[in-house]
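Report on one structure; see the data block that follows.
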Amino acid sequence: MFHGQRYGLVFVNKRWAILIGGSSDLALETIQGLRGITDMYFFVHCRNPSLRINNLQLDLGERMVLHVADLENEDAVIKMTSIILHICDKPFVYLHFAAPPLEFHRFKDSSTKTFQSAFSVQTLAATILLRSLLPKMKKNADNLSAQVIFVLSEVVSGKPPKGMTEYVVGKYAMLGLMRALSAEFEAAKIYFHAITPGMMETKFLKNVPEIVVESARNRTIGGLESVKSVASKLLKIINDPDKFIEDASYLR
Ligand SMILES: NC(=O)c1ccc[n+]([C@@H]2O[C@H](COP(=O)([O-])OP(=O)(O)OC[C@H]3O[C@@H](n4cnc5c(N)ncnc54)[C@H](OP(=O)(O)O)[C@@H]3O)[C@@H](O)[C@H]2O)c1
């Protein structure tokens, strides 16, 4: 589904932020921080348009294009890719937030379907989109260095928690994709970053037992991360991509 009947319009000379999983709590907070950049336009993907995202669209008007697609449906991702290519003449930053909600269960209770879902919504969708978008970003990168940022998780550094194998494997696959693309596009002016947040209180945790969230909340060191602080790290990267390469909490 494509909102706003704007399919026929082409926006010339605009810098685009493309947010996959743009309805995530973290993405919505990030957009609030980016909207101050007045020449930035937003291509916002979601699966279920919420009141919050519809209100944001009303608020941003023509600066935001909202697109609905289930990333588990490959044809829908291919269609969305061609719409982005048609609309966004200067893709400036690609942000991948989408991930299936976190589920805790033992490895023996996992299934091919749960692994497929973690892979489709993250790595496969990003692969399909970036295969077409990166050449365009590379072409524009002479005047404007472009960026690709994946939202991973602290599970990719050190020993991961038990009971979330699909999630851990899904995030490592995204990390692999980021590193491979970073090597392949080394000569282009495209920055590849990933952030690795700890647990944040968002709808992503809706299936996580309260006791797990409570114990994270009560950790003396670390505790829960706030969505605002993680969004502000993303904004710092977007505003100054060079600076973050050496920061241990970011992976390049
Ligand atoms: N919350 C945490 O504790 C935490 C910690 C570390 C990293 N992260 C990462 O942060 C990112 C953002 O998560 P969040 O916490 O802001 O949670 P969230 O609000 O639940 O965001 C998840 C996003 O993924 C989208 N999504 C899920 N399945 C989809 C599908 N089949 N097709 C299309 N879109 C799909 C959702 O779309 P709809 O809302 O439209 O359904 C939503 O935009 C995720 O990558 C997550 O792994 C979260």
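Per-structure values
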read-out: Subset of Lys113/Lys159; Lys90/Lys189; Lys113/Lys171; Lys79/Lys206; Lys79/Lys139; Lys14/Lys138 violating a 19 Å alpha-carbon distance limit; value: Lys113/Lys159; Lys79/Lys206; Lys79/Lys139
read-out: Zone of His105's modelled label, taken as backbone nitrogen in segment 188-219 under 18 Å from a point 7 Å along Cα→Cβ; value: 205-210
read-out: Counted charge near Glu72, where neighbours are those whose Cβ lies closer than 13 Å (Asp, Glu -1; Lys, Arg +1); value: -1
read-out: The chain: angle of helix 51-60 to the longest principal axis, Cα-based, in degrees nearest 10; value: 30 degrees
read-out: Share antiparallel - DSSP beta bridges, the chain, percent rounded to 5; value: 10 percent
read-out: Separation of the Thr202 and Glu74 label points, Cα + 7 Å toward Cβ, nm; value: 2.7 nm
read-out: Nearest 10 degrees, 0 to 90: helix 125-140 Cα axis against the chain principal axis; value: 40 degrees
read-out: Residue among Pro241, Pro101, Pro161 with the largest mean-square fluctuation in a Gaussian network model of the chain, springs linking Cα atoms under 10 Å; value: Pro161
read-out: Rg [Å, one decimal], Dmax [Å, integer] - segment 1-134, C-alpha atoms; value: 15.3, 52
read-out: Cβ-derived FRET efficiency at R0 35 Å, Glu210 paired with Ser232, nearest 0.05; value: 0.80
read-out: Whole-Å distance, taken between Cα centres, linking segment 70-84 and segment 197-240; value: 29 Å
read-out: Qualifying aspartates and glutamates (Cα of each under 18 Å from Cα of Lys108; at least 8 residues distant if same chain); value: Glu166
read-out: At 0.890 mPa s and 25 °C, Stokes diffusion of segment 50-102 via Kirkwood alpha-carbon radius, µm² per second; value: 189 µm²/s
read-out: Local electrostatic count at Gly22 - Lys and Arg +1, Asp and Glu -1, tallied over other residues with Cβ under 15 Å; value: +1
read-out: Derived scalar couplings ³J(HN,Hα) [segment 165-178; Karplus, 6.51 cos²θ - 1.76 cosθ + 1.60; whole Hz; x for Gly, Pro]; value: 4, 4, 5, 5, 4, x, 6, 5, 5, 5, 5, x, 4, 4
read-out: Relative contact order of the chain, defined on C-alpha pairs under 8 angstrom at six or more residues apart (%); value: 21 percent
read-out: Fraction of the pair-distance distribution of the chain above 24 Å, Cα-Cα pairs, percent; value: 45 percent
read-out: Under 18 Å from the Arg52 label point (7 Å along Cα→beta-carbon), backbone N, segment 192-225; value: 197-208, 224-225
read-out: Cut-off 15 Å between beta-carbons: net charge of the residues surrounding Gln116, Lys and Arg +1, Asp and Glu -1; value: -4
read-out: Spin-label pair Ala180/His86, simplified geometry with 7 Å Cα→Cβ offset, distance in nm; value: 2.9 nm
read-out: Helix 74-87 axis, angle to the chain major axis (alpha carbon atoms, nearest 10°); value: 40 degrees
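All of the numbers you see were taken from the coordinates with simple rules; none came from a lab. Please read all numbers here as calculations on a predicted model, not as lab measurements. Every residue, glycine as well, gets a Cβ built from its backbone with ideal geometry; the counts of neighbours run over all protein chains shown.
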